[in-house]
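What follows is a short report on a single structure.
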Ligand SMILES: [Zn+2]
């Protein structure tokens, strides 16, 4: 028995997580246990599910997140591999609910798989999104090779330098990642400072935030859309690198061509 049995809409969301986890592995972005996914699944929790007993003791989140009262999440498990999650999302992840104190959570299904060590930072982002009444329900952290490589050069760490270059490689990049790529300077993984800087970058209106010499953190309505934004940006980075490998600096689309694209497709300024 799984909590997903007879809950087709919840199962559909978790199936998307499994599908994306498989893509992350195939793309080479999810070595070992690299990367994390958390999904706010509250809207798919029915009344019967709310009465299910916990399968763990309450655990402290480590911070108080008032907008998560009554919320439920699917979280990748700590030390779990994306390639395993792709086959068995409830064996490499778990469903948790936030307790009324907004400072603790408990696991509800299917197995007591302890959530990622990044849970406090992921939940802090979800708390921020709910506070802003954002429709975004998914957060993704992964290690896209070419985007991470870019951050090893100071040139691309300057605000919106990478965004402008990536947008200019192929028109779809700006169309499908219209808010660009935020940049967060190197900070210790899992640190409070990194989580705070990520939220500040999302607050500046980025959906995808680059962590220098580490990876991306992306948010969107669902996990497939978050993955698509990262995929589109990384594709643009690959085109840039391919041109450099052919021995020249790519021209990029002109400012006039990019402006025309924004005007015709009504993209955010
Ligand atoms: Zn990482």
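The one condition from (1) out of contact with any strand residue (DSSP E or B) (no Cβ under 6 Å at 6 or more places or on another chain); (2) in the same structural domain as residue 1 (by TED's automatic domain parsing) that residue 158 does not meet is (2).
Would you point out the residue of the range 229-252, among those that are away from the ligand (no atom under 16 Å from the Cβ) and in contact with a strand residue (DSSP E or B) (Cβ under 8 Å, 6 or more places away or on another chain), that is nearest to residue 168 (Cα to Cα)?
Initial filter on the range 229-252 (away from the ligand (no atom under 16 Å from the Cβ)): 229, 231-233, 235-252.
Filter once more, keeping what is in contact with a strand residue (DSSP E or B) (Cβ under 8 Å, 6 or more places away or on another chain): 229, 233.
Numbers: 229: 15, 233: 11 Å.
Step by step, filter the range 229-252, then rank; the result is 233.
To keep it simple, each residue is scored yes or no on (1) at negative phi; (2) touching a residue at least 60 places away in the same chain (Cβ under 8 Å); (3) surrounded by 14 or more Cβ atoms within 10 Å (Cβ to Cβ).
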residue	(1), (2), (3)
21	yes, yes, yes
30	yes, yes, yes
45	yes, no, yes
51	yes, no, no
57	yes, no, no
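Here the range 33-57 is the region considered, the condition is being part of a loop (DSSP other than H, G, I, E, B) and out of contact with any helix residue (DSSP H, G or I) (no Cβ under 9 Å at 6 or more places or on another chain), and the residue that is farthest from the ligand (Cβ to nearest atom) is 51.
Output the residues belonging to the range 177-193 that are closer than 13 Å to residue 212 by Cβ and buried (at least 20 other Cβ atoms within 10 Å of the Cβ). 181, 182, 183, 184 - these are the residues of the range 177-193 that are closer than 13 Å to residue 212 by Cβ and buried (at least 20 other Cβ atoms within 10 Å of the Cβ). Among the residues of the range 202-217, those that are away from the ligand (no atom under 16 Å from the Cβ) and either free of Cβ contacts under 8 Å to residues at least 60 places away in the same chain or surrounded by 16 or more Cβ atoms within 10 Å (Cβ to Cβ) (or both) comprise 202, 204, 206, 207.
For the range 90-112, a tally of residues being more than 20 Å from the chain's Cα centre (by Cα) and not in a strand (DSSP E or B) returns 9. If you go through the range 251-269 and pick out every residue that is part of a loop (DSSP other than H, G, I, E, B) and within 18 Å of residue 177 (Cβ to Cβ), you end up with 6. Among the residues of the range 138-176, the ones that are within 16 Å of the ligand (Cβ to nearest atom), crowded, with 19+ Cβ neighbours inside 10 Å and either without any contact (Cβ under 8 Å) to a residue 60 or more places away in the chain or not in a helix (DSSP H, G or I) (or both) come to 6 in all.
Among the residues of the range 73-89, those that are part of a loop (DSSP other than H, G, I, E, B) and out of contact with any helix residue (DSSP H, G or I) (no Cβ under 7 Å at 6 or more places or on another chain) comprise 78, 79, 80, 81, 88.
The values are calculated or read from the model by the stated rules, or taken from the named source; none is laboratory data. Note that the structure is a prediction, hence the values are computed from the model and not measured. A quick note on method: Cβ atoms are made from the backbone with ideal geometry, for glycine too, and the neighbour counts reach across all protein chains shown.
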